[in-house]
Each structure stands twice: as C-alpha cells, then as structure tokens.
1. Scanning the chain for GluC sites (Glu not before Pro) in DSSP loops with at most 16 other Cβ atoms within 10 Å, what's the longest stretch left with none?
2. Out of Gly174, His63, His232, whose Cα points farthest toward the positive end of the dipole of the chain (charges: +1 Lys, Arg; -1 Asp, Glu; placed on Cβ)?
3. For Arg13, list long-range residues whose amide hydrogen, built 1.01 Å from N in the peptide plane, is under 5 Å from its own amide hydrogen.
4. Tell me the relative contact order for region 3-82 as a rounded percent, counting alpha carbon contacts under 8 Å between residues six or more apart.
5. Could you check what % of the DSSP bridge pairs in the chain are antiparallel, to the nearest 5?
6. Please get the size of the charge dipole for the chain, origin at its Cα centre, with Cβ charges of +1 on Lys and Arg and -1 on Asp and Glu, quoted in debye to the nearest 20.
7. Counting pairs of alpha carbon atoms under 8 Å apart in space and at least six apart in sequence, what relative contact order in percent does the chain give?
8. Given H placed 1.01 Å from N in the peptide plane, which residues other than close sequence neighbours of Ala75 have an amide H under 5 Å from its amide H?
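Every number in this text was worked out from the coordinates using simple rules, so none of it is lab data. The structure presented is a predicted model; accordingly, all values stated were derived computationally and were not measured. All Cβ positions, glycine included, derive from the backbone under ideal geometry; neighbour counts span all protein chains shown.
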Amino acid sequence: MAGPVKTEAVVLRSLRFGEADRILHLYTPRRGRIGAIAKGVRRTRSRFGGRLEPFFRLELMLHEGRSELLTVTGAQTIDGHPRLRDDAVALDTAARACDAVGRLFDTTEPHPDVYNLLCNELTLLDARAGGDGFAGHANQLAFRLKLLLAAGFAPQLASCASCGEREHLSGFSGAAGGVVCPACEAGSFPLDEAAHEFLATAMGRPLAQAPDASDRALRQAERAIADTVEHHAGIRLREAIAR
C-alpha cells in the first residue's frame, strides 16, 4: 500500500548512486529486508546524510510508491555505534554480521527476533570495541548459530541426525542436519568433542556469553555452520575472522 512508512531499521549497506543519492539496504523488525533511496543525501547540506551509514540503527520515515525502492524522507539516530569506527576488527565483524543477516533473510518476511539479535550484536561490538577481543571468532560463530536457529536450520546436536544414537557422535554432516555417529558418517567430516561442546554451548547461551574454544575447535565449528547454511539455504557466508 503506497504512502508514508515509519520503521526502525539497521543499515546493512549504503551504496553511492548517481551524483548525490544513496541506495540503502535495510533490515527492519516488521518488513524484513528492504531497499530505499536517499535522494540528494551526499550533498553537503543534506539534513540526514551522516546518519545513513552502515551499522546505524535508525528511526526512519519512508515513502512507499510504485518503485521497489522506498524513499527516505526522514531519519533519526537511535544508535550510531561510534566506537566501531575506531576498531578495525569490530568494524569487520559488524560488516560480516550484517552480510549474514542480509544473505540468510533476503526477503520482506518479518523476523523481529533476527532484528533484535542484530541490534544486540552491534551494541555488544560497540561496547567492547578496542577492549577484550570480544569481536573474535567465537562471537561471530555464536551469532551465526543463533541466525540458523531463527531461520529454522539449527543443527541437531543432542543425537545422531540420521539414526538418533546419543553416544559416539564423532562427525558432522550438513546434509544429514547435524552430528552423526560412526555408523552414519558417510559424507561427514570429523568433529572433535571440543567443537561439539562449543556448538551446543553457544546455541544455548546469551550472545554476550559465547564460550571460548581452541582454534581447531572453532575451525571445525565454522565448517559445521557453513555446511549447514550451504545445504539448507544454498548460500555461502563470508568466512569469520579470528582474533
């Protein structure tokens, strides 16, 4: 329905367009992923140009017309996450989080829990930027696991995804949908106990309490997540970065 639209949104990407405009990729709580154009925003006198940058959380006024792109008519900052700009790793982690959301939830179907998860991740990254190394491998994988849960792709971790066996779970298969036992390991890759424990713990803990693990365990956990995403969603996420 054409007309004014008011919504919260996180800016996933901001692209130059024409002489003075920007195309925005936005994620919203009630409209999922949408595209918008901010006309004349790159001119020096633009009243809200500085707000329409990646990772900003905004209150937007949009106009919906016949185009697939909505038009930005107003913007107020809820959180600009300014500390991210001074921490290269946190900034890159934020970019990968936004990219994962944009790829896994590339529709206008509403997912308020995904919006809240992304806002939580950006807030945590901003709060800890330049500090204790929160923007590391474990955090990124925990975030992706929670995205899989929201998408309905969470891997089976409590028992063999093929036969239900609850012991000797030594492999992982994206095609099977989770951990597998030796009898069902065809097409799987080895998953150490430490990697299995990381996946199960990270799935159940709040994002701010993502468990740590060895580099080997985290690499195996990332492969398990990547295989699950590729098999069920048909996409490949950017590799997480270690710190």
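1. For GluC sites (Glu not before Pro) (loop position, at most 16 other Cβ atoms within 10 Å), the longest site-free span of the chain is 69-164.
2. Going by the charge dipole, the pick is His63.
3. His25
4. Relative contact order here is 32 percent.
5. Roughly 90 percent of the beta bridges in the chain run antiparallel, per DSSP.
6. Dipole magnitude for the chain comes out near 1280 debye.
7. Rounded, it is 16 percent for the chain.
8. Met61
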